[in-house]
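Below: the structure, in structure tokens.
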Amino acid sequence: MKQTPRHFLRFNDLSADEVHAVLRRAAVLKREQHAGTRHPTLAGKTLGMVFEKSSTRTRVSFEAGIFQLGGTGLFLSPRDTQLGRGEPVEDTARVFSEMIDLVMIRAYDHAMVETFAEYSSIPVINALTDDHHPCQILADIQCFQEHVGAIEGKTVAWVGDGNNMAASWMDAASLLNFNLVLCGPEGYDPAPELLAEHAANVRIERDPAKAVAGAHCVTTDVWASMGQEDEQAKREADFAEYQVTEALLDLADDAVIFLHCLPAHRGEEISETLIDDPRSRVFDEAGNRLHAQKALMEFLVLGEAFPETV
Ligand code: CP
Ligand code: NVA
């Protein structure tokens, strides 16, 4: 068995210092990528990319990212692999560990990714489960730092479903010590144990106007996540009072930014025109998926040879 690998299944699998080191490196990689400077730090390495669910940003950012680092990405759909025919995750993890250098997994069940990591001797990255989406929050924090500044002590307002994105924002709030206000209808709060875990940094506010007051970032996500399509109509009714609009942003801090992990449903969780508002940074945010994950892959694979000091 090789040395025990580091994994990134929840946002707080990294320490605060490690998050800052990864994001400093992400900023360097972003500058180099935009300048056309090559950085083949993972030359010869192979990333396995397991997708049980659809994806645009995550697939493109990981596949382009590993290529830009000098490595290769393998897109692995359960439909075409033995995973989809019932081969145990435990066996698949051990087989991958013999052949490739790291793996990212987008799955329904968070426990599947945990089991994979338990049996893996290569780093495992959670590329979204029903419970967490930590890679997105890395990119979001990078965006916040670029447009607002250090996030420590600031306030982020989450207006929407208490879903996987909200859970990863909660992990980040405690780790990086900022305030997170969660605002959605009753019945859609994150799990009580997660709320208890993060009670010092996270509070619930049912009134959107009060939730965004003083916020430096307002953010949301779809009302029905992947796997919840049959709840769409009920959720549209239940969340009707929680649409994020330009008028709602007017009630936040003067320098507020708006973030959304995308894909967005215009006319549902956001107004038709919000993405085009100058306070919206959603395309910078999407672009940062590339840079933040390249730095994360370097961090997990290179270990002590990671170019940024932790
Ligand atoms: N934000 C995000 O993860 O997008 P995709 O589902 O397109 O990967
Ligand atoms: N909460 C959404 C995020 C998509 C990137 C979902 O899980 O479908």
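What follows draws every value from the coordinates through simple rules; no lab data is involved. All values reported here derive from a predicted model rather than from experimental measurement. Glycine also receives a Cβ, built like all others from the backbone with ideal geometry; neighbour counts cover every protein chain displayed.
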Requested in this report: For GLU197 and THR4, calculate 0.36 nm times their separation in residues minus their Cα-Cα distance, and state this gained length in nm to one decimal.
Outcome: 66.8 nm
Query raised in the report: How would you rank 213-226, 187-200, highest first, on the average number of other Cβ atoms within 10 Å across their residues?
Result: 213-226, 187-200
Query - Packing-based ranking, highest mean first, of 104-116, 45-57, 291-303 given that Cβ atoms within 10 Å are counted - result: 291-303, 104-116, 45-57
**Report entry** Value of [θ]222 nm, deg cm²/dmol, for the chain, DSSP H segments ≥ 4, -39500 (n - 2.57) each, nearest 500
**Finding:** -12000 deg cm²/dmol
Requested in this report: Would you mind calculating the gained length between ASP80 and GLU98 on full extension (0.36 nm times residue separation, minus the Cα-Cα distance), in nm to one decimal?
Outcome: 4.5 nm
**Report entry** 11 Å beta-carbon shell around LEU175, net charge (K/R +1, D/E -1)
**Finding:** -4
Query raised in the report: In degrees from 0 to 90, rounded to the nearest 10, what is the angle of the helix 16-35 Cα long axis to the longest principal axis of the chain?
Result: 80 degrees
